[in-house]
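I have placed the structure first, in the form of structure tokens, so that the comments after it can refer back to it.
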Amino acid sequence: MDWLREIFSRSTALFHRQRLNEDLDEELESHVEAAVEENIRRGMAPDKARVAALRLFGGVTQIKEAYRARRDVPLLTSLKRDVFYAVRRLRSSPGFALVVIATLALGIGANTAVFTLVEGFLLRSLPVADPASLYRIGDRNTCCYHGNFESADGDFDLFSNDLYRRFKQTAPEFEQLAAVQAGGGGYTVQYGSAAPRPLRTEFVSGNYFSTLGVGVYLGRPFGEADDHQGAAPVLVISYVAWETEFGRDPSIVGATVYVQRHPFTVAGVAPPGFYGDRIASIPADIWMPLSAEIELEGANAAVTQPTTAWLYALGRLRNGVQKTALEDKLSAQLREWMGEWPRFTQHGGAAIIPRQYVKLAKAGGGIQKLQQQSGANLRLLMILSSVVLLLACANIASLLLARSTTQRMDIAVRMALGAARFRIIRQILIESLLLSCAGGVAALGVSWLGARAILTLAYPEAHYMPLNAEPSWPVLGFALLVSVMTGVVFSVTPAWAASHAQPTESLRGINVASRDRASLPQRTLVILQLAMSLVLLSGTFLLTRSLMNLEHKDFGFQTANRYTFQMDLEGAGYSADRTTGLYRQMEQRLGALPGVTHVSFARYIPMGGNQWGTCVYLQGGTDSGNEDKCFSDWIRVSAQFLDSIGVPVVRGRGFTAQDGQSSPLVAVVNQAFVKKFFPNQDPVGKHFGREGAKYSSEYQIAGVFSDFILTDPRSESRPLFLVPDTQQFAGYTAAEDDAAEKASMFLGSVVLQVAGSPTDMEMAVRKALAEIDPKLPVFRFVTYDSVVAENFNQERLIARLTAAFGILSLILASVGLYGVTSYFVARRTSEIGIRMAVGASRSLIVRMVMRGAIAQFAAGLALGVPASLLMDRLMTSFLFRVSSYDPAVLAAAVVVLGLGAGAAAILPAIRAASLDPVRALRTD
Amino acid sequence: MTAEKTDVLQGTLDLMILKTLQAMGPLHGYGIARRIEQVSVDALSVNQGTLYPALLRLQQRKWIRSEWGTSGTGRRAKLYSLTRLGQKKVGEEEENWERIVSTMARFLSPAEQD
């Protein structure tokens, strides 16, 4: 207890030292006076009395010191003095302090920003109960619908509802096994009197919430009882959607919302922070039980088709389950199940069934789709930002080294005056810690802004992405630790050395440039910086060039002066047979708008991120049954589609108004289609079909159009055929095929080609469409250019960030070189004076200074060029039509680095050359 | 004058101060020093460099308190007095001290033990 009171009293004393000091002075004085008085009373003369009293009293200062040492915390008070002194010293050289703090802020900040995203993306667990016990059947990311063997090596990860239920029944190793829709869906949702809006939806099995161990914020989650054919349709709304789309309306629970005009009861609102089973740039707004798909899709519902694979299986594994044994068991189930379906056994499929298998994958982080897409990019960024941190540390080290040499005399004087070595070192330590702390605080801001900027650049659409830009504290701590260590090592070590030097020697040596060059460590650091900077610069040039190649690649279709938007006719309640009339009506209205030259409709647009594939059956051909051999993409479009995107018909004809419901079904195909299915033949007039050999005379080829890129700009054009919006095939015998054909009549994308630059196109279009049907949802009205640009968000982000890192590294390296060269000039000022006095020309002086800088630059290149080549090799997978070994790129990087380094060296050189010899001689 | 004055032992000074304050009531630093010297019949000398830190230590433990007042001679002085906690502690410290003394005594004259 006593010690507690003591500590308390000591620490409070820290805050009013002044008053306590005065108090002590007065008390001691009164003590002496009392002694004097007593001496006088005893009969001494007043002056003698005072002398005697003082002699008896002893050393006043010593008493005060002893008293103070006891009164507060002496270590703290001297620390406080040191901190104030350090602040004063730093303020006397603001340039140095600012450069160090800015370097730290950028180095640490950039790192923390990138690692924050890495952590959020790659290392984060789902916000569910016990994520570690979640496992997925399947370790790949096949999407979104599949009806055959899934990969060449037999690895399966996408399952049909039927197969999922088989797994669920036969694998009690899973406490619970849920199924989730692989691809995200979107439906038009309407509630109350509000306008209908398109929302992201995901079908999940009834046990989804219980499997994940997630409750609800309001209402109840749906359960197994809600997931069977005939169950009353229910849904759960995400918290974010509840906030943004439904205005936090609590009465929504139990209310009816309309999904594609089908009534659904809102069971509940998911808890805040729950974003579903995966990190997606646009997370699901609504979860519905699998059985609800029947309600919405009718005969076309995937859930009722036993072999249509469209689900991922995600479950909670019981404790102590042997994973390999379970994998074997599930694989056996898979093969057994496949053996029951002709789709897999026919055409020799039976022979490859034994090769099919599944793998279990950890799913604590969710379905890692986005992670796999962005993972490689993030890893590249991690490497780049680590290099920047290294550069920053090197810069700080060389700045501190330069500073320490100027401090040498300072330290010598203080040592000579009797300062304790401990205090000198401690004071320098405090100074470097102060700098680090200031840098750390600034870095916090940089990392927050940086992570935010990266997220916005990478996913401009993602307003509710379940990732936050809040700096990752362990990472910030680590980066700070690295830079603090750098600061401490490079400030304390020289100070330690200086404090061990004989003060007299240092003092004698101050006027003599005993070592006329920057120290070896300093030069080494600059060389390393130049090398690292070259690596980053060459990476920057490579990626930027690759991005330019991607963006300026000829996709085979035109996007300039074109707008596109989406609409949902199905959600607005139109039936398939009413669509054609509606398209014509819209075509007229929109075509009449000023400036509009072409209007077209398509099921989806090229480079819009969608793609429909089918197996093509040639009339009179053999049914190969192998998807690779028969595969082609297809789009249902309106007659003007090819014109509206500027694609020419090279043979035969395009669609015309004569291609109606009563005339024979036609299709137009691209050149890749001809090459694959009709090599060396004239395809016009030939027949083919979809969905089976018996439909092989479904379409007659009317024409051939030139190739364009449909999805992946990195790949070549693939076979593609177009069918007109005016012809619906009524001959399908299977209900699901007929339903699919009907569904394909809904063309969700519209392309508008305009002449000139009409103002406020969107308003005009919305107005025109509202006159046709005010309830029709129209969304994502954008220029076609921006749709294409979205395909390169990732590449653009990486290229820009690399460029930012490259520029940063160039600045850091230049500052480093500048510092060392300036230091060289400062140290040799008197020598330069002598040289000039005895007749050296200014250009000779410039050359003398530059020689050192050029040597370092050359050494930097010697290290940097091989390192760049190595780094560029690692980046091959990020490059498009750029060789990782590109001499032009390397040369450009060398030139840019040379310009930076040249500027950094020429300034001190000019300063040296413009010295007045007389004054130069007088300086140290 | 006595030839040798013994410096006050560390630790014993605290008890002396406490006893002095208990006996004399509020007293200033000089008074405490004089009183200790008087009681010891000038056998002890109190070093101010020890006295004042000791007073501070006792204050920090809240055994004594101080306030500015007037000394016996009408001079302004800082007067120390026992706190309630101090009153209690005087007794404890006295017992402690006596235990030490009796233990020491046994060491110094073991013959007298039985």
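Out of A:V358, A:V387, which single residue is under 28 Å from A:Y818 (Cα atoms) and modelled with pLDDT of 80 or more?
A:V387
Yes/no matrix, rows are residues, columns are (1) assigned by TED's automatic domain parsing to the domain that holds A:K742; (2) open to solvent by less than 20 Å² (accessible area, probe 1.4 Å); (3) among the small types (G, A, S):
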site: A:A302; (1), (2), (3): no, yes, yes
site: A:T308; (1), (2), (3): no, no, no
site: A:L314; (1), (2), (3): no, yes, no
site: A:T324; (1), (2), (3): no, no, no
site: A:E327; (1), (2), (3): no, no, no
site: A:Q346; (1), (2), (3): no, no, no
site: A:G349; (1), (2), (3): no, yes, yes
site: A:I352; (1), (2), (3): no, no, no
site: A:Q356; (1), (2), (3): no, yes, no
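Yes or no: A:I811 within 36 Å of the chain's Cα centre (by Cα) and under 26 Å from A:A913 (Cα atoms)?
Yes, satisfied.
Could you please find all residues in the range A:69-90 being closer than 30 Å to A:C437 by Cβ, without any contact (Cβ under 8 Å) to a residue 12 or more places away in the chain and within 14 Å of another protein chain (Cβ to nearest Cβ)?
A:A69, A:P74
Would a scan of the range A:607-625 turn up a residue that is more than 24 Å from A:V787 (Cβ to Cβ), at pLDDT 85 or above and open to solvent by 50 Å² or more (accessible area, probe 1.4 Å)?
Taking every residue of the range A:607-625 in turn, none turns out to be more than 24 Å from A:V787 (Cβ to Cβ), at pLDDT 85 or above and open to solvent by 50 Å² or more (accessible area, probe 1.4 Å).
All but one of (1) buried (at least 21 other Cβ atoms within 10 Å of the Cβ); (2) on the phi > 0 side of the Ramachandran plot hold for A:G439, so report the exception by its number.
(2)
Given (1) within 14 Å of another protein chain (Cβ to nearest Cβ); (2) open to solvent by 50 Å² or more (accessible area, probe 1.4 Å), identify the lone condition not met by A:G59.
(2)
For a quick check of your reading: which helices (runs of 4 or more DSSP H) sit entirely within the range A:45-154 and have at least 1 residues that are of a type in the set (G, A, S) and in contact with an Asp or Glu (Cβ under 9 Å, 6 or more places away or on another chain)?
Output list reads A:46-57, A:74-92.
Kindly indicate whether A:A225 is free of Cβ contacts under 8 Å to residues at least 24 places away in the same chain, open to solvent by 10 Å² or more (accessible area, probe 1.4 Å) and either aliphatic (A, V, I, L, M) or in a strand (DSSP E or B) (or both).
Yes, satisfied.
How about the range A:227-238: which of its residues are at pLDDT 90 or above, closer than 25 Å to A:L134 by Cβ and not polar (S, T, N, Q)?
A:V234, A:L235, A:V236, A:I237, listed by residue number.
Could you please find all residues in the range A:244-299 being touching a His at 6+ places or on another chain (Cβ under 6 Å) and open to solvent by 30 Å² or more (accessible area, probe 1.4 Å)?
A:E295, the sole residue that qualifies.
Take the residues in the range A:837-851 that are small (G, A, S) and open to solvent by 30 Å² or more (accessible area, probe 1.4 Å); name whichever of them is nearest to A:A909 (Cα to Cα).
Here is the first cut: in the range A:837-851, the ones small (G, A, S) are A:837, A:839-841, A:843.
If we keep only those that are open to solvent by 30 Å² or more (accessible area, probe 1.4 Å) as well, we get A:837, A:839, A:841, A:843.
Details: A:A837: 17, A:G839: 17, A:S841: 13, A:S843: 9 Å.
Once the filter is applied, the top-ranked residue is A:S843.
If you take the residues in the range B:56-73 that are facing chain A (nearest Cβ under 9 Å) and not in a loop (DSSP other than H, G, I, E, B), which one is surrounded by the fewest Cβ atoms within 10 Å (Cβ to Cβ)? Outline the logic, then answer.
Initially, the range B:56-73 is screened for residues facing chain A (nearest Cβ under 9 Å), giving B:56-57, B:59-63, B:66, B:68, B:71, B:73.
Among the residues that remain, those that are also not in a loop (DSSP other than H, G, I, E, B) are: B:56-57, B:59-60, B:66, B:68.
Numbers: B:L56: 23, B:R57: 19, B:Q59: 19, B:Q60: 21, B:S66: 18, B:W68: 13.
So, considering only residues that are facing chain A (nearest Cβ under 9 Å) and not in a loop (DSSP other than H, G, I, E, B), the one surrounded by the fewest Cβ atoms within 10 Å (Cβ to Cβ) is B:W68.
Output yes when any residue across the range A:270-283 is assigned by TED's automatic domain parsing to the domain that holds A:F222, under 36 Å from the mean Cα position of the chain (by Cα) and outside any loop (DSSP other than H, G, I, E, B), and no when none is. Can you show your working first?
Of the range A:270-283, the ones assigned by TED's automatic domain parsing to the domain that holds A:F222 are A:270-283.
Imposing the further condition that a residue be under 36 Å from the mean Cα position of the chain (by Cα) reduces the set to A:270-283.
Okay, now just the ones that are also outside any loop (DSSP other than H, G, I, E, B), so none.
No, the range A:270-283 contains no residue that is assigned by TED's automatic domain parsing to the domain that holds A:F222, under 36 Å from the mean Cα position of the chain (by Cα) and outside any loop (DSSP other than H, G, I, E, B).
Of A:L28, A:L20, which residue is open to solvent by less than 80 Å² (accessible area, probe 1.4 Å) and more than 8 Å from chain B (Cβ to nearest Cβ)?
A:L20
Can you tell me which condition A:G213 does not meet? The list is (1) over 16 Å from A:A363 (Cα atoms); (2) surrounded by fewer than 19 Cβ atoms within 10 Å (Cβ to Cβ); (3) of a type outside the set (F, W, Y), and all the others hold.
For A:G213, the failing item is (1).
Being within 13 Å of chain A (Cβ to nearest Cβ), among the hydroxyl-bearing types (S, T, Y) and buried (at least 18 other Cβ atoms within 10 Å of the Cβ) is the requirement here; does B:S45 meet it?
no
Go through the range A:663-677 and count every residue that is open to solvent by 10 Å² or more (accessible area, probe 1.4 Å), touching a strand residue (DSSP E or B) at 6+ places or on another chain (Cβ under 9 Å) and not aliphatic (A, V, I, L, M).
Final tally of qualifying residues: 4.
The values are calculated or read from the model by the stated rules, or taken from the named source; none is laboratory data. If you're wondering where the values come from, they're calculated on a predicted model, not measured in any experiment. Counting neighbours? That spans all protein chains shown, and the Cβs are built from the backbone with ideal geometry, glycine included. Accessible surface areas use protein heavy atoms only, side chains included; no ligands, DNA or RNA. Shrake-Rupley method; radii C 1.70, N 1.55, O 1.52, S 1.80 Å.
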